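Each value in this text was obtained by applying a stated rule to the coordinates, not by laboratory testing. Computed from a prediction, not measured in an experiment: that's the story for all the values here. Cβ atoms come from the backbone with ideal geometry, glycine included; neighbour counts cover every protein chain shown.
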Amino acid sequence: MRHVVAAIGETAAQAIEAKLGGKRIVIPKTIGLNHPIGQAVGTEVAAKLSAEFAGAILDVPVGAKKRALIEGDLRKGDSVNTVAARYFTSPRTIWRIKAALADDEPQQLGLF
């Protein structure tokens, strides 16, 4: 992601992370407003991104804020597919977050 930040700036990279965090995307040659990247940063910034990285595969990380929201929904009992659709991310990402939550919780109750 640091190469993306260098190309389009931190604010735009954060906007992409907020919209697409947890997804693997291919950067198209042209990005219009109908594309999620174009919706996140606008066509001018999207054009800079595609000029530099067209055809590249980008794994967009899940930001801390989005991760906290996902964890909260999983703790409430929402299904993996529901949470993935709600936050526009892949079910695989949600499964990884869910597994990390399970690792943090005690597996056995204490005797006393």
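Taking Cα atoms only, the orientation of helix 64-76 departs from the longest principal axis of the chain by about 40 degrees. Distant-in-sequence amide contacts of Ala56, defined by a placed amide H-H separation under 5 Å and a gap of 5 or more residues or a different chain, comprise Ile27.
Whole-Hz Karplus values for the range 81-96 come out as 5, 5, 5, 4, 5, 4, 9, 6, 9, 7, x, 4, 4, 5, 4, 5 Hz, taken residue by residue from phi with 6.51 cos²θ - 1.76 cosθ + 1.60 and θ = phi - 60°; glycine and proline positions read x.
Phi-derived couplings, Karplus 6.51 cos²θ - 1.76 cosθ + 1.60 at θ = phi - 60°, listed residue by residue for the range 31-47: 10, x, 6, 7, 8, x, 5, x, 5, 6, 10, x, 6, 5, 5, 4, 5 Hz, with x used for Gly and Pro.
The charge dipole of the chain, taken about the Cα centre with unit charges on the Cβ atoms of Lys, Arg (+1) and Asp, Glu (-1), comes to about 200 debye, rounded to the nearest 20.
Using the Cα coordinates of the chain, the gyration tensor eigenvalues translate into equivalent-ellipsoid semi-axes of 33, 13, 11 Å, sorted from longest to shortest. Based on Cα contacts under 8 Å between residues 6+ apart, the chain shows a relative contact order of 26 percent.
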